[in-house]
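Heads up: the structure comes next, in structure tokens.
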Amino acid sequence: MIDFLSKTFIKDHTDYVESKVRGRYGVLCSILSIALNSLMAAFKLVLGMITNSAAITADGFNNLSDVASNVATMLGFVFSVKNPDKEHPFGHGRMEYLASLLIAVLILFVGFQSLLDSIRQIFRPSPVYFSWVAIVVLLISMGIKFWMGHFHQVIGERINSNTLIAVSKDSLSDVLATFATLIALIASEHTRLPIDGILGVVVSAIILKTGYEICKATIASLLGAAPDEALLKELRAFTSDYERVLGTHDLMIHDYGPGRRYLTMHVEVNKNEEMMTIHDVIDKIERDIYREFKVKATIHLDPIDLDDDVTKAMKRVVTIIVTDINLDYSIHDFRIRRSGDNQTLIFDVVIPADDMTPHHDLMKQIDDKVKEHDASFNTLIQIDHSYT
């Protein structure tokens, strides 16, 4: 069914990284979801009134909120594929993240509202009327929601969309919520305990948990979450395979929405390389990274002296000094500046992003240990926090 819908409604349906294709997938998923959720919401709200069930009514309002979420998702995809303009030179891809955030807010609102209604049902219970029609509708609803969750998960993974994966999680949580509603309706035939209100609270808790998780993940993307470690390893390995590349460091990925990622990195090369030759290599790496990963790369060259024995020896000494302080520390851009009798070691020290060691204290500690080894060297140290 998924492949049939993709082939029928999506032009170039296998080009998953193309922004226009991603937008068509998002709109297709949204329209399908709006239709199914509207149908389920209508049935459940009517059944909730007929059976006087707070759990069924809460489930119906949950489906109604899903309709609003689907509309937000569709608008997010429509606006996210707009071309860059003067005011937004990096495009509008983050509209998709804003759509996810709106989905989370709507889910949380419905969750709180249904929680209040369910608590009232516990303390002021009203009779729930059993109905086989309601049982059948709830079972069908569970099947539809399970398929919708699978559908959005598959498409979300294909086009790398956190928004559709969020919708998938919401759909699967709805399956659990509807199951709890089903139990409440059946239990109403056998007990006078406020099972309906109690399970309504359970349904509400599931809704709230889903909203919180989607909200947390989306805010992380908007704030600038750390890039995927697997992607970083692939990028390092991919770049290091090129001839004349001696090493890489200072990788930074800026995320402006799916399909709009920008990479900056430093590549170490032999300082004796012919400039135009190495420039051609770097240009090729940037083009190949975009072709392979759909990430726009800007690469900075760092010349390395491979012939000076003093430089190589002191780099080993400084590496040991820095890693003795903390195994998570590393150095790069190491070189020696000579002016008359003065020798200065110039290098960067990379520390973890959450390391709160005062930079001045760390630089002094390293400088003192360098002078213990050889007092003829001064140091010029730059402390960098890792962005990966």
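The values are calculated or read from the model by the stated rules, or taken from the named source; none is laboratory data. Fair warning: this is a prediction, and the values are worked out from it, not measured in the lab. Cβ placement follows ideal geometry from the backbone for every residue including glycine, while neighbour counts extend to all protein chains displayed.
Whenever a residue of the stretch 336-349 is touching a residue at least 24 places away in the same chain (Cβ under 8 Å), its partners that are surrounded by 13 or more Cβ atoms within 10 Å (Cβ to Cβ) and of a type in the set (Lys, Arg), lying with C-beta atoms within less than 7 angstrom and at least six residues away or across chains, give the pairs ILE346/ARG335. For the residues ALA217, ALA184, ALA177, the requirement of being assigned to a helix (DSSP H, G or I) and farther than 17 Å from SER141 by Cβ singles out ALA217.
Given the condition aromatic (Phe, Trp, Tyr) and over 19 Å from THR210 (Cα atoms), answer yes or no: does some residue in the stretch 45-67 qualify? Scanning the stretch 45-67 turns up no residue that is aromatic (Phe, Trp, Tyr) and over 19 Å from THR210 (Cα atoms).
Here is the figure for the stretch 344-388: residues that are in a loop (DSSP other than H, G, I, E, B), among the aliphatic types (A, V, I, L, M) and under 21 Å from ASP250 (Cβ atoms) total 2. Cβ separations smaller than 8 Å between residues 6+ apart or across chains give the following pairs from the stretch 133-151 residues that are at pLDDT below 95 to residues that are among the aromatic types (Phe, Trp, Tyr) and surrounded by 15 or more Cβ atoms within 10 Å (Cβ to Cβ): VAL137/PHE43; SER141/PHE43; MET142/PHE179. Would you check if there is a residue in the stretch 234-246 being without any contact (Cβ under 8 Å) to a residue 40 or more places away in the chain and closer than 27 Å to HIS92 by Cα? Scanning the stretch 234-246, I find no residue that is without any contact (Cβ under 8 Å) to a residue 40 or more places away in the chain and closer than 27 Å to HIS92 by Cα, so the answer is no.
Starting from residues that are surrounded by 20 or more Cβ atoms within 10 Å (Cβ to Cβ) and either small (Gly, Ala, Ser) or without any contact (Cβ under 8 Å) to a residue 60 or more places away in the chain (or both), keep the ones in the stretch 107-125 and report whichever is farthest from HIS254 (Cα to Cα). By that ranking, first place goes to SER118.
Residues of the stretch 154-174 that are over 19 Å from PHE109 (Cα atoms), surrounded by fewer than 21 Cβ atoms within 10 Å (Cβ to Cβ) and in contact (Cβ under 8 Å) with a residue 24 or more places away in the chain: VAL154, ARG158, ASN160, ASN162.
Only one of the numbered conditions (1) among the aromatic types (Phe, Trp, Tyr); (2) at pLDDT 90 or above; (3) in the same structural domain as LEU246 (by TED's automatic domain parsing) is violated by PHE347, and that is (3).
Taking (1) closer than 30 Å to LEU64 by Cα; (2) crowded, with 18+ Cβ neighbours inside 10 Å in turn, LEU222 satisfies each apart from (2). Condition test on TYR242, is it within 30 Å of ILE140 (Cα to Cα), among the aromatic types (Phe, Trp, Tyr) and modelled with pLDDT of 85 or more? No, not satisfied. Of the residues ARG287, ARG291, the single one that is surrounded by fewer than 14 Cβ atoms within 10 Å (Cβ to Cβ) and at pLDDT below 90 is ARG291. Go through the residues of the stretch 35-48 one by one and say whether even a single one is within 21 Å of GLY93 (Cβ to Cβ) and hydroxyl-bearing (Ser, Thr, Tyr). For the stretch 35-48, residues within 21 Å of GLY93 (Cβ to Cβ) and hydroxyl-bearing (Ser, Thr, Tyr): absent. Taken together, the residues in the stretch 339-367 that are surrounded by fewer than 12 Cβ atoms within 10 Å (Cβ to Cβ) and not hydroxyl-bearing (Ser, Thr, Tyr) amount to 9.
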